[in-house]
1. Quick one: compute the contact order of segment 114-227, relative version, from alpha carbon pairs under 8 angstrom and 6+ residues apart, as a percent.
2. Kindly report the accessible area of the chain per residue (heavy atoms of protein chains, probe 1.4 Å, no ligands, DNA or RNA), in Å².
3. Could you work out the relative contact order of segment 99-142? I mean the mean sequence separation of Cα pairs under 8 Å and 6+ apart, divided by the number of residues, in percent.
4. Quick one: angle between helix 265-275 and the longest Cα principal axis of the chain, in degrees between 0 and 90, rounded to 10, please.
5. Could you compute the net charge surrounding residue 40? Neighbours are other residues with a C-beta less than 12 Å from the C-beta of residue 40; K and R count +1, D and E count -1.
6. Sorting check: for 117-126, 193-202, 295-304, which peptide has the highest mean count of neighbouring beta carbons within 10 Å, and how do the rest follow?
7. Where does helix 27-40 land angle-wise versus the long Cα axis of the chain, in degrees 0 to 90, nearest 10?
8. From the P(r) of segment 262-340, can you give the percent of Cα pairs sitting at distances over 14 Å?
Amino acid sequence: MNGTVHQLRPSSAPGTPSLEPMVQLVAGDLNAVNAVILDRMQSDIPLIPELAGHLIAGGGKRMRPMLTLASARLIGYTGARHHRLAAAVEFIHTATLLHDDVVDGSDLRRGKRTANIIWGNPASVLVGDFLFSRSFELMVEDGSLKVLKILSNTSATIAEGEVNQLTAARRVDLGEDRYLDIIGAKTAALFAAACRIAAVVAERPEGEEAALDTYGRNLGIAFQLVDDAIDYVSDAGTMGKDAGDDFREGKMTLPVILARARGTAEERAFWKDAVEGRRASDEDFAHAVALVSKTRAVDDTLARARHYGQRAIDAIGGFADGRAKEAMVEAVEFAVARAY
């Protein structure tokens, strides 16, 4: 590998980072991936493609499969195996979203009513299971035991992260280390795997595999940190979900962990009541927003996101400069800049 390390642009820098360079980079490949997705979400049971299509075609950025495609471009892979595997990655992601919305009782996803609200919880869970099964079919068809091991392990890790988050809900004593464990499993693991499998199919050295894994993992952590921050600084129209969902579900995300640690005894009592479900009104949420602002908890959460974003960029510093690397750097900048 021979390249240069880029610096994450300051949040105050002119211009808005975008995924568009990555979209343009992988447009042809993404069409092939979308064709696989459309084909494999079909079933003789009409409800399955109807429900799956509601989410798959619901305005998602396809960021995870695009990371597989962009990583393949970065290392010069010219084959087509990664198309099916990128589709498998998207199916894993979509299945987890269907299950998550049931667990969380969510009403909105990407600005639209969630599948569980339209079709009910049982249908959402079962179609999620169907998509998980389709993803494993695609892995097996690829024929690489190493790819199968990476993606199957990732699926288990995501489930562990979700269970860890479930058991941590309503627990005001949740610490930052466990929080990072949770988001590392439920979000960052799939980002990492999506990038790493490109190096596996291209039969690149272990060092390049590890570099892409590190890029994806740190990008995933940064992405989730920003998601958790904007729950307290954005609105439903911007977020595609109801503002304050995390607050009302009693999730101890980093903004809450920091705000509680820095608060007065009265403020810590408020956070205890809120996390345990006794303060969940619109007025309570407004008070929570004021507290995370007063304690700079959101600012510092976003600063952590920038730290992990820079680590992601550093991880691919050794690869050759070019369109692929520039697009992957800007994808990190986009992930971090969503809150500004």
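1. Relative contact order of segment 114-227: 22 percent.
2. The answer is 42 Å² per residue.
3. 31 percent
4. Long axis of 265-275 versus the principal axis of the chain: about 50 degrees.
5. Here the count lands on -2.
6. Answer by packing, highest mean first, reads 193-202, 295-304, 117-126.
7. Approximately 80 degrees, to the nearest ten.
8. 71 percent
The values are calculated or read from the model by the stated rules, or taken from the named source; none is laboratory data. These numbers were taken from a predicted model, which means no experiment stands behind them. Positions of Cβ are generated from backbone atoms using ideal geometry, with glycine treated the same way; all protein chains shown enter the neighbour counts. Areas reflect the complete protein model, heavy atoms only, side chains present, ligands, DNA and RNA absent. Shrake-Rupley method; radii C 1.70, N 1.55, O 1.52, S 1.80 Å.
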